[in-house]
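Student: Before we start, here is the structure in question, set down as structure tokens.
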Amino acid sequence: MDQQTNTQWGGRFAAGPSAIMQAINASIGFDSRMWRQDIRGSLAHAAMLAHVGIISRDDEAAIRAGLQAIATEIEAGRFQWSEALEDVHMNVEARLTERIGEAGKRLHTARSRNDQVATDFRLWVRDAMDGLAAQMEDCIRAFVERAEEHADTLMPGYTHLQPAQPTTFGHHMLAYAEMLWRDRGRMLDARARLNADCPLGAAALCGTGFPIDRHMTAQALGFDGPARNSLDAVGSRDFAMEFLASCAICATHLSRLAEEIVLWTNPSFGFVKLSDGLTTGSSIMPQKRNPDAAELVRGKAGRVTGALVGLLTVVKGLALTYAKDLQEDKEGVFDAAENLTLSLAATAAMVRDMRPNATRLAEAAGAGFSTATDLADWLVRELKLPFRDAHHVTGRLVAQAEARGVDLSALSLEEMREAEPRIHDGVFGVLSPSASVASRRSFGGTAPENVRAMAAEWKERLS
């Protein structure tokens, strides 16, 4: 590396190893966002210390008032964060001691930054889980609203991105409602496991000799109880891994819809239109309407999945208990939560905003011989053909229609009887996309009456 490059990029470390150590060791640049959780944990810890007689009631009152004043300072943007103090815990504690004196130095009795950060991080992730679960519900509501509105709107259903069978736009929307409901369930399941164990009081790794009441602090912080093993309490981050896994699955579902929106808004498809508020133009091509919101939702799934892989990789080689590697557990979690929050908001906005082109969707619903399965089913129902024979007859009729460049419904009865002499004119009643979707009334099927009933069920579930 030449001297000019070194000066440009590494100049701040010219002071030598101590500057490098401070920069790599400090986490205040990202963990300051846990200040609410840090203060909440400290308030619970101080109340417990006073309750069991480790500190005086006067000291606890001073600590409580001091921490509340610090919270006000931070909220107002007047708090000065110091990299020299490394992290959110030491910054808050130093300011507390500055404000209230000797009592502030007693707050850290019977705890360590190891159990403190594990507690703060759990509290932060729990708050994020609650917010994301609520967002998922709102997104589901958006899908249900559109499903109810478009229960009869025909559209093509695909497998392999090839026309397969006609479906409805409403049924398509409800598919994503199902996915997001499972995502919400995964998030709440992960929350329940996170909430089972409060690390506070595990201290550095082996607990403490002070007569603390860990059940009291766990209850004060809304946990089910204290962590039952102090080594596990400070050294494990599977709650964060599970959170990220839940986020990654949800982001993947949102990315699938985003990809569909990118396709649907392409003029070659012309299935839906997004308003100017959710698209962008081009700096050089005035005709462009780019689905950038959808593309960014699609792209952010990579960041969220990357955060999961990153944390798994950080933890996989760590012997118990705490190691400084675990400082790397937070940035990915914060980033994933922030980007999934934005992705859910953008998805709900796009779903509520997009305007399906019913005419174009209906045209596409009938393309590619999409009612061929309905023809095969009719042959089984009406003529009692074995399904494999019906499949073969239908294949011959599709080839015949394809050779003529027409749809199945354009074949004459005589032409159809060349493939199967018993076919009668009742067959034409199943060859339209609307007849196809109307016939699929099996539970979970695409029939409009099913979609309306399921939308009503969703509204009741979400009420």
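Student: Among what's in the stretch 315-357 and is polar (S, T, N, Q) and open to solvent by 40 Å² or more (accessible area, probe 1.4 Å), pick the residue that is farthest from Ala142 (Cα to Cα).
Tutor: Asn357
Student: Sort out which residues of the stretch 364-384 are of a type in the set (A, V, I, L, M, F, W, C) and in contact (Cβ under 8 Å) with a residue 24 or more places away in the chain, and write them in order of number.
Tutor: Selection gives Ala364, Ala365, Ala367, Phe369, Ala372, Leu375, Trp378, Leu379, Leu383.
To keep it simple, each residue is scored yes or no on (1) in contact with a strand residue (DSSP E or B) (Cβ under 8 Å, 6 or more places away or on another chain); (2) modelled with pLDDT of 90 or more.
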{"residue": "Thr265", "(1), (2)": "yes, yes"}
{"residue": "Val272", "(1), (2)": "yes, yes"}
{"residue": "Ser282", "(1), (2)": "yes, no"}
{"residue": "Asp292", "(1), (2)": "yes, yes"}
{"residue": "Leu296", "(1), (2)": "no, yes"}
{"residue": "Lys300", "(1), (2)": "no, yes"}
{"residue": "Arg303", "(1), (2)": "no, yes"}
{"residue": "Val309", "(1), (2)": "no, yes"}
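Student: Sort out which residues of the stretch 403-440 are of a type in the set (Val, Ile, Thr) and touching a Pro at 6+ places or on another chain (Cβ under 7 Å), and write them in order of number.
Tutor: Passing the criteria: only Val437.
Student: Tell me whether the stretch 447-457 contains one or more residues that are assigned to a loop (DSSP other than H, G, I, E, B), small (Gly, Ala, Ser) and surrounded by 12 or more Cβ atoms within 10 Å (Cβ to Cβ).
Tutor: Yes.
Student: Here's another thing I want to ask about it. With (1) surrounded by 18 or more Cβ atoms within 10 Å (Cβ to Cβ); (2) without any contact (Cβ under 8 Å) to a residue 24 or more places away in the chain as the list, and Leu361 as the residue in question, which single condition is left unmet?
Tutor: It fails just one condition, (2).
Student: Scan the stretch 141-151 and tell me whether some residue there is open to solvent by 20 Å² or more (accessible area, probe 1.4 Å), in contact with a strand residue (DSSP E or B) (Cβ under 8 Å, 6 or more places away or on another chain) and not hydrophobic (A, V, I, L, M, F, W, C).
Tutor: Yes, the conditions are met somewhere in the stretch 141-151.
Student: Would you call Val234 assigned to a helix (DSSP H, G or I), of a type in the set (A, V, I, L, M), without any contact (Cβ under 8 Å) to a residue 60 or more places away in the chain and at negative phi?
Tutor: Judged against the criteria, Val234 is not a match.
Student: Still on this structure, I have one more. Is there a residue being in contact with a Gly (Cβ under 8 Å, 6 or more places away or on another chain), within 27 Å of Trp264 (Cβ to Cβ), outside any helix (DSSP H, G or I) and touching a residue at least 60 places away in the same chain (Cβ under 8 Å) anywhere in the stretch 430-440?
Tutor: yes
Student: Right, next: Against the condition basic (Lys, Arg), under 24 Å from the mean Cα position of the chain (by Cα) and open to solvent by less than 30 Å² (accessible area, probe 1.4 Å), how does Arg237 come out, does it pass?
Tutor: Yes.
Student: Name the single residue that is least open to solvent (accessible area, probe 1.4 Å) among those in the stretch 198-228 being polar (S, T, N, Q) and under 16 Å from Arg122 (Cα atoms).
Tutor: Applying the filter and picking the extreme gives Thr217.
Student: Of all residues in the stretch 372-408, which are of a type in the set (Val, Ile, Thr) and in a loop (DSSP other than H, G, I, E, B)?
Tutor: Val406
Student: Okay, next question. Under the condition of being among the hydrophobic types (A, V, I, L, M, F, W, C) and in contact (Cβ under 8 Å) with a residue 60 or more places away in the chain, which residue from the stretch 93-120 is surrounded by the most Cβ atoms within 10 Å (Cβ to Cβ)?
Tutor: Of everything passing the filter in the stretch 93-120, Ala118 is surrounded by the most Cβ atoms within 10 Å (Cβ to Cβ).
Student: Any residue in the stretch 399-422 that's surrounded by 17 or more Cβ atoms within 10 Å (Cβ to Cβ): show its pairings with residues that are at pLDDT 90 or above and not aliphatic (A, V, I, L, M) at Cβ separation under 6 Å, as long as the two are six or more apart or on different chains.
Tutor: Final answer for the pair search is Ala419/Arg396.
Student: Here are the criteria: (1) modelled with pLDDT under 95; (2) open to solvent by less than 70 Å² (accessible area, probe 1.4 Å). Tell me which single one Ala251 does not satisfy.
Tutor: Looking at each condition in turn, Ala251 falls short on (1).
Student: Applying the selection to the stretch 257-276, what residues are part of a helix (DSSP H, G or I) and hydrophobic (A, V, I, L, M, F, W, C)?
Tutor: Residues satisfying the conditions are Leu257, Ala258, Ile261, Val262, Leu263, Trp264.
Student: I'd like the full set of residues that are without any contact (Cβ under 8 Å) to a residue 60 or more places away in the chain and surrounded by fewer than 17 Cβ atoms within 10 Å (Cβ to Cβ), limited to the stretch 159-174.
Tutor: Hits for the stretch 159-174 are Thr159, His160, Leu161.
Student: Name the residues in the stretch 424-443 that are closer than 13 Å to His171 by Cα, of a type outside the set (A, V, I, L, M) and surrounded by 12 or more Cβ atoms within 10 Å (Cβ to Cβ), would you?
Tutor: Arg440, Arg441
Student: Can you tell which of Ala346, Ala294, Ala364, Ala301 is closer than 20 Å to Glu242 by Cβ and part of a helix (DSSP H, G or I)?
Tutor: Ala301
The values are calculated or read from the model by the stated rules, or taken from the named source; none is laboratory data. What you see is a predicted model; the values in this text were computed from it and never measured. Note that each Cβ is placed from the backbone with ideal geometry, even for glycine, and that neighbours are counted across all protein chains shown. For the accessible areas, the whole protein counts, side chains as well, though only heavy atoms, and no ligand, DNA or RNA atoms are used. Shrake-Rupley method; radii C 1.70, N 1.55, O 1.52, S 1.80 Å.
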